[in-house]
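> Shown below is the structure under consideration.
The values are calculated or read from the model by the stated rules, or taken from the named source; none is laboratory data. Source: prediction; values computed, not measured. FYI the Cβ positions are ideal-geometry reconstructions off the backbone, even for glycines, and counts take in every protein chain you see. Heads up: the accessible areas ignore ligands, DNA and RNA and are worked out on the full protein's heavy atoms, side chains in. Shrake-Rupley method; radii C 1.70, N 1.55, O 1.52, S 1.80 Å.
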Amino acid sequence: MKILFSALRVATVTAFTSSSSRSSVHARQQVSSKMTATLSEPSTAIKFADESSNFKELKRTSSARGKQLAVLATIAHEKSVDPRIGELLAASTKDLEACDKEIEDLDDAKRILELEKADYQKRICIPKELAAKKAELEASAYSAWVKARQDNDFAAFAPALGDCFDLAKEIAALKRGDNDISLYSQMLDEFEMGMQGTRIDELFAEVQSALVPFIARIRASEDKPSLDPLRGKFDVDAQKKVCLDIVKSLGYDASHGRLDVSVHPFTMSLSGSDVRITSRFSEEEWYQGLAGAIHEGGHAMYEQNLQGSDLSIDSALSMGVHESQSLFWERHIGKCPAFFQWATPMLNDQLKLDASADDLYSAVNAIDFSNFIRVEADELTYPLHVILRYTIERQVVSGELSVNEIPSTWNKMMKDFLDVEVTEDSKGCLQDIHWSMGAIGYFPTYLLGAMMSAQLHHYCTKDLDVGVLVAKGEFKEIREWLTNKIHKHGKRYKSLDDLLLAETGEILNPKYFVEYLTKKYSELYKIE
């Protein structure tokens, strides 16, 4: 077992500096954009605390905080590129070459080394000055974005946004090295390892070509579900209680976590034995609280069912895979007819509703055709919000589009995709935090996760009678199916496609997602 011990030694050292470690604070940060962030860097952790607590930054505060974050980023970066880590990696590689090929856990040892070496190589190619610049820019760009969105003034944000794209390209070029991939594919790899831009082009093109005309047909339907069952006056404590009861029934282990109230829902995993979730609640509309709780519960169950070694191999494979777990539960379980057969009596009792299961199912799946905002979009129109952002950021990175052209391009695509007229940039290209944080290449993971969740549901229904189980409130077999197919593997596979191929028999296939949406909404809106 020498090789495994040596690999563990490397992983243990790098766990204190590597963003792949679950022993650092790993959280899903959702600041108006449901963005996921890993809080292993001090600068990101402080920023997360500020944003989650609605810390109000003044210009002077932002400048000072940027300098503080730059210092922290420099210290963290220096530790993360310590030559002793490289020496340990080299020693472990020699151990691997000399070991008995029949040794137990050899494949895991190889994968641990592969992950740690790749992570170390990415870090050592970035000068500490650039790491500091990145932290300082994120602070100033975030402040500029907040003010620009408040003032509906894209021009004021454009210079900072241009700096964000330029710095992201500079870092991606250094990390790419001699690899024959595009800069954008390198950026994608930070969030969705092993996924190329050309592969996403193919996947998204199929979704777009199917959904744009289908949504137009749904819009024209005269049979629209009523939203009345969602509206009224609802006690927040009662909402929180019923949400916790439901996510615990789904399989969230509240004895090793908790549900709290926040402005924006998020999941924070301090370890597999301490995974906390939040949701937001409205006194006028109850479903957003339940949807947020189930969504975050899905993320949390992934974290709770990873193998608990605290090594990079036992962390989530990618952001797309993570999103697939939240959307599997939120959409394919929590928005299906069988779910409301089970949950309606509980909801009626605790929230003082007077609705049938059919009424609730129809209401929570209604489409809002006037919506501008991605995080408030329904599951049918949401994919086009993602494709729009993906298209724009990829064109900016490639040089096809300038930063100043983003608003007009955004507005045209919203009109072409969803027949929505965007009249204010605050409701258009200024609505998301991602680009101000340098998270370019992140947006596609939302749609990859949605597609993956539909594919997993398709195969889960082949193995289990999902509808019957859900209607009875018996979720254990479904959760265990996901753990066996997804959770327990961590990062043992090299990509989302590799994982799906091994566990379902085919790589990511958008047909399951398209079929799920078209069948469901054709029935709801009574179109042929």
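> When only residues in region 206-233 that are among the small types (G, A, S) and part of a loop (DSSP other than H, G, I, E, B) count, which is least open to solvent (accessible area, probe 1.4 Å)?
Restricting to residues being among the small types (G, A, S) and part of a loop (DSSP other than H, G, I, E, B), the top hit is S221.
> If I filter region 260-300 down to residues being under 26 Å from K485 (Cβ atoms) and in contact with a Phe, Trp or Tyr (Cβ under 6 Å, 6 or more places away or on another chain), which single residue comes out as surrounded by the fewest Cβ atoms within 10 Å (Cβ to Cβ)?
The residue in question is I294.
> Any residue in region 497-508 that is open to solvent by 60 Å² or more (accessible area, probe 1.4 Å) sitting within a Cβ distance under 7 Å of a residue that is in a helix (DSSP H, G or I)? List the pairs, counting only those 6 or more apart or interchain.
I507/D497; I507/L500; I507/L501
> Sort out which residues of region 421-439 are in contact with a Pro (Cβ under 9 Å, 6 or more places away or on another chain) and in a loop (DSSP other than H, G, I, E, B), and write them in order of number. Outline the logic, then answer.
We begin by selecting, within region 421-439, every residue in contact with a Pro (Cβ under 9 Å, 6 or more places away or on another chain); these are 422, 425, 428-430.
V422, G428, C429, L430 - these are the residues of region 421-439 that are in contact with a Pro (Cβ under 9 Å, 6 or more places away or on another chain) and in a loop (DSSP other than H, G, I, E, B).
> Oh, and also: Quickly run through region 479-504 and pick out the residues that are within 29 Å of I246 (Cα to Cα) and among the acidic types (D, E).
Across region 479-504, the qualifying residues are E480, E503.
> Under 25 Å from the mean Cα position of the chain (by Cα) and either open to solvent by less than 30 Å² (accessible area, probe 1.4 Å) or among the hydrophobic types (A, V, I, L, M, F, W, C) (or both): does that describe V236? Let's see the steps before the verdict.
Numbers: under 25 Å from the mean Cα position of the chain (by Cα): no; either open to solvent by less than 30 Å² (accessible area, probe 1.4 Å) or among the hydrophobic types (A, V, I, L, M, F, W, C) (or both): yes.
Here the answer is no, as V236 does not meet what is asked.
> Does region 441-456 include one or more residues that are within 24 Å of the chain's Cα centre (by Cα), more than 28 Å from N509 (Cβ to Cβ) and assigned to a helix (DSSP H, G or I)?
No - not one qualifying residue is present in region 441-456.
> Another question, if that's okay. Of the residues that make up region 285-304, is at least one in contact with a Gly (Cβ under 7 Å, 6 or more places away or on another chain), under 29 Å from R199 (Cα atoms) and among the charged types (D, E, K, R)?
Yes, region 285-304 contains at least one residue that is in contact with a Gly (Cβ under 7 Å, 6 or more places away or on another chain), under 29 Å from R199 (Cα atoms) and among the charged types (D, E, K, R).
> While we're looking at this one, here's another question. Within region 465-483, can one find any residue that is at pLDDT 95 or above, of a type in the set (A, V, I, L, M) and not in a helix (DSSP H, G or I)?
Looking through region 465-483, none of the residues is at pLDDT 95 or above, of a type in the set (A, V, I, L, M) and not in a helix (DSSP H, G or I).
> Still on this structure, I have one more. Filter region 239-259 for residues that are within 21 Å of F339 (Cα to Cα), among the hydroxyl-bearing types (S, T, Y) and surrounded by fewer than 21 Cβ atoms within 10 Å (Cβ to Cβ) and give the result.
Scanning region 239-259 gives a single hit, S249.
> When you check T409 against the structure, is it over 30 Å from F157 (Cβ atoms) and modelled with pLDDT of 95 or more, yes or no? Step through it out loud before you land on a result.
Numbers: over 30 Å from F157 (Cβ atoms): no; modelled with pLDDT of 95 or more: yes.
It is false that T409 is over 30 Å from F157 (Cβ atoms) and modelled with pLDDT of 95 or more.
> Applying the selection to region 160-195, what residues are part of a loop (DSSP other than H, G, I, E, B), farther than 25 Å from E405 by Cα and either free of Cβ contacts under 8 Å to residues at least 24 places away in the same chain or not aliphatic (A, V, I, L, M) (or both)?
Those that are part of a loop (DSSP other than H, G, I, E, B), farther than 25 Å from E405 by Cα and either free of Cβ contacts under 8 Å to residues at least 24 places away in the same chain or not aliphatic (A, V, I, L, M) (or both): G177, D178, N179, D180, I181, E190, F191, E192, G194.
> What about L500, is it within 22 Å of the chain's Cα centre (by Cα) and assigned to a helix (DSSP H, G or I)?
Values: within 22 Å of the chain's Cα centre (by Cα): yes; assigned to a helix (DSSP H, G or I): yes.
In short, yes.
> Could you tell me whether any residue of region 346-367 is farther than 24 Å from K147 by Cα, open to solvent by less than 40 Å² (accessible area, probe 1.4 Å) and of a type in the set (K, R)?
So far as region 346-367 goes, no, none of its residues is farther than 24 Å from K147 by Cα, open to solvent by less than 40 Å² (accessible area, probe 1.4 Å) and of a type in the set (K, R).
> Residues that are of a type outside the set (V, I, T), on the phi > 0 side of the Ramachandran plot and modelled with pLDDT of 95 or more: does region 326-345 have at least one?
For region 326-345, residues of a type outside the set (V, I, T), on the phi > 0 side of the Ramachandran plot and modelled with pLDDT of 95 or more: absent.
> Look at A366 and say whether it is within 22 Å of the chain's Cα centre (by Cα) and over 15 Å from L161 (Cβ atoms).
no
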